[in-house]
Every structure is written in C-alpha cells, then in structure tokens.
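A quick write-up on the structure given underneath.
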Amino acid sequence: MLPLNRAQAPFAGVGNLERLKAWVDVDSFLRRFRVWNLKSPFPYFILHPSSFIHYCLTMARLTLVTFNIAHGRGLSLYQGFHSAKGIRLNLARIGAMLAETKADIVALQEVDEDSHWNQRINLLQSLREAAGFPHAYMGVNNRRWGRKPLAYGNAILSRHPVRFWENNPFGTAMLGEKGFLYAEVEIAGHALPIINLHLDYRSRARRILQVKQIIEFLRQRPHPDCPMKRPVCPIICGDFNTHSRRVGDAVRHLFDALLTHGEYEIWPHPLEKTFPAHLPSRGIDFIFLPKPYRAHRCEVPKEYLSDHCPVVLEIEFEE
C-alpha cells in the first residue's frame with residue numbers, strides 16, 4: 001500500500017503532472033479513492049500511481065448557468081420603459097458575462113422571441129451572437145398576436161449539439177404562463193438530459209401543481225441512453241420562485257419526489273441569495289444535480305444585468 005497525505009499525493013509516482021490537463025482536481029481524486037487505515041491518521045491508497053493518471057485523463061467538466069434575464073430590462077421595473085438601444089446594450093453585457101463564465105450550457109428564463117414591450121427584439125438570437133453559442137432553442141410559453149404581440153418563455157444556449165428538445169407550457173394563458181423546456185444535449189457521445197423551468201411566482205398551490213406535471217413527465221420519459229427504459233434523471237434548473245427551505249413548497253416537493261428514483265443535490269447553498277439582484281435577500285434560482293454528476297464549483301456572481309443573479313455550476317463527470 002502507498003501511504004499518502006494530501007500534500008504528497010500530487011507527486012507520488014505521477015511524473016510530469018504539468019502535462020496533465022490543467023483542470024484536474026487532486027482533491028476529487030482523494031475523495032473518490034481514499035480508504036482509511038484504522039491504525040493511522042493518514043489515508044492509504046490500494047492503487048498503482050498510474051490510477052491517478054487514469055482518473056485525471058478520464059474526468060471531464062462542463063459549466064452550466066441558469067439565469068432569469070427579466071426580458072432584457074436589467075434592474076428596471078418594466079421592459080417597456082427602455083429603447084431598443086438600451087435593451088441591446090444590456091443584452092451585450094449579458095453575453096459578455098456568459099462568455100466570461102465559459103458556460104457550456106445556459107438555461108434562460110423570461111426570454112422574448114417577438115414581444116412589443118421590448119421593441120420586438122429576438123433576445124435569444126442577440127445573446128447567441130453576443131456570447132458565441134452555436135446552438136440555441138426557444139420554448140414559447142406565452143403567445144399573443146395582434147397590434148401588441150407577445151412571445152416569450154424559456155430558452156437554452158449550448159456549445160454542444162442537442163439531440164432532442166421539446167417545450168411544455170403548464171397551461172394555455174396568453175400572458176404570465178410558465179413552463180419547462182426539456183433537452184438532451186450531446187456530451188462525449190452520451191445524452192445529458194436537462195430541464196429548464198420557470199414556476200409561478202404568486203401561488204404556492206399553483207407551483208405544486210406545476211411540479212407535479214414535471215414529475216409525471218419524468219415518470220413517462222425514458223432515459224435516452226438506458227436500454228431498460230428507466231425514467232430519465234435530468235439536471236433540473238431554473239427560477240423556482242420560492243426558497244429551498246420552505247416545507248411544503250415546490251423545491252422541497254420536487255426534491256422529495258426525485259429522491260424516489262435517483263440521488264440529487266441542490267445548488268447553490270441555501271444561504272446563497274439570488275433575488276433581487278440589487279440587494280439579494282432570497283435564493284429562488286436552483287440547479288438540481290443528479291449522480292453520477294458531481295459539483296466541482298458553484299458560485300452566484302453579483303451581477304446587475306437582471307433582477308436575478310445567475311447561478312454558475314461547474315460539473316464533473318466521467319467521459
């Protein structure tokens with residue numbers, strides 16, 4: 001057996017570590033492969049040092065961002081107060097922020113495709129161009145025709161191809177309707193299922209009904225890479241419009257239901273606040289992460305590009 005402590009581990013029989021990928025996390029390797037010798041306070045590894053190299057070269061990471069962009073209006077109360085120039089300027093700032101996070105996948109809420117109140121600008125197309133994403137998908141939950149048209153909902157930006165996607169509004173209202181967008185993103189030859197949701201902000205009872213619709217969808221949807229057609233266990237993210245510690249509300253209800261067919265973690269930490277962005281007092285934007293994916297890093301950047309702060313999660317997984 002090879003005795004190692006945390007400081008010695010990176011140098012034990014590995015050789016030129018600088019040749020390994022820069023994003024390798026030694027701590028993750030230690031947590032995964034450590035076994036304890038009960039007679040010693042130091043961890044031991046029943047592994048050849050080459051196992052560390054194998055671990056380093058087979059782990060991959062991607063960065064997921066969830067962000068309610070508030071129709072592109074920034075911190076203002078109503079998007080109709082802004083000129084087209086002002087909205088485009090804020091969209092350029094959001095695009096620069098997304099590029100800076102090096103996001104691979106972005107889940108967006110309150111995105112307009114063609115709405116009178118923000119000068120009929122296609123917000124998703126503007127963000128796609130500003131941040132340089134090759135793939136963009138828009139799920140319209142509200143559509144109204146006429147002299148003052150509306151078309152808005154949730155959207156996904158991705159640097160990876162998307163095998164399949166579909167949009168699911170919770171109801172049929174022309175104004176204020178919420179919904180969820182389901183997508184299967186192609187990552188390293190496998191499908192990464194994701195749900196991007198936006199729940200009702202007024203009614204706890206309505207949020208519970210909306211979560212039940214998502215749970216029923218998951219029960220009927222087989223995992224795209226499972227030959228036994230087991231239910232899908234997607235990453236679920238978005239604007240929940242309620243905090244995670246409220247018993248009996250949507251976050252807790254969804255989390256308890258998900259645990260019946262998979263292990264999940266909720267990010268960010270409950271003490272992290274995402275709303276309102278100018279003086280955050282509540283955390284209402286979350287990412288539900290299923291195993292075998294692992295969170296490497298999570299942060300809530302203090303941005304003033306919307307009334308919400310974005311949530312940035314760096315995910316680690318085996319290739």
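Under 5 Å between amide hydrogens, built in the peptide plane, is the criterion, and for His296 it picks out Glu314, Ile315, Glu316 among residues at least 5 positions away or on other chains.
Indicate the gyration tensor shape class of the stretch 62-318 (rounded, prolate or oblate), computed on the Cα atoms with a ≥ b ≥ c the square roots of the eigenvalues: a/c under 1.5 is rounded; otherwise a/b larger than b/c is prolate and the rest oblate. Display every interim value, and only then the final one.
Details: a/c = 1.41, a/b = 1.34, b/c = 1.05.
It comes out rounded by the Cα gyration axes.
Among His190, His296, a tally of other beta-carbon atoms within 10 Å of each Cβ gives an order, fewest to most, of His190, His296.
The packing ranking of peptides 303-315, 93-105, highest mean first, is 303-315, 93-105, where packing means the average number of other beta carbon atoms within 10 angstrom of each residue. Across all Cα atoms of the stretch 67-132, the radius of gyration (one decimal) and Dmax (whole number) stand at 11.0, 32 Å. Of the chymotrypsin sites (Phe, Trp or Tyr not before Pro) in the stretch 135-196, the ones in a loop by DSSP (not H, G, I, E or B) with at most 13 other beta carbons within 10 Å are Trp145.
Rounded to the nearest 0.05, the FRET efficiency derived from the C-beta distance between Glu263 and Arg144 at R0 = 41 Å is 0.50.
Checked against a 28 Å cut-off, the cross-linked pairs Lys212/Lys291; Lys178/Lys273; Lys148/Lys273; Lys85/Lys148; Lys102/Lys212; Lys148/Lys178 give Cα-Cα distances beyond that limit for Lys148/Lys273; Lys102/Lys212. Shown here for the stretch 134-242: trypsin sites (Lys or Arg not before Pro) in loop regions (DSSP other than H, G, I, E, B) with at most 14 other Cβ atoms within 10 Å, namely Arg147, Arg202, Lys229. The trypsin sites (Lys or Arg not before Pro) of the stretch 265-303 meeting both criteria, a DSSP state outside H, G, I, E and B (loop) and at most 12 other C-beta atoms within 10 angstrom of the site's C-beta, are Lys302. At a Förster radius of 45 Å, what calculated FRET efficiency corresponds to the Cβ-Cβ distance of Arg93 and Thr172, to the nearest 0.05? Efficiency, from the Cβ-Cβ distance: 0.85.
Values in this text are rule-based calculations from the coordinates and carry no lab data. Note that the coordinates shown come from a computational prediction; the quantities given were computed from them, not determined experimentally. Glycine also receives a Cβ, built like all others from the backbone with ideal geometry; neighbour counts cover every protein chain displayed.
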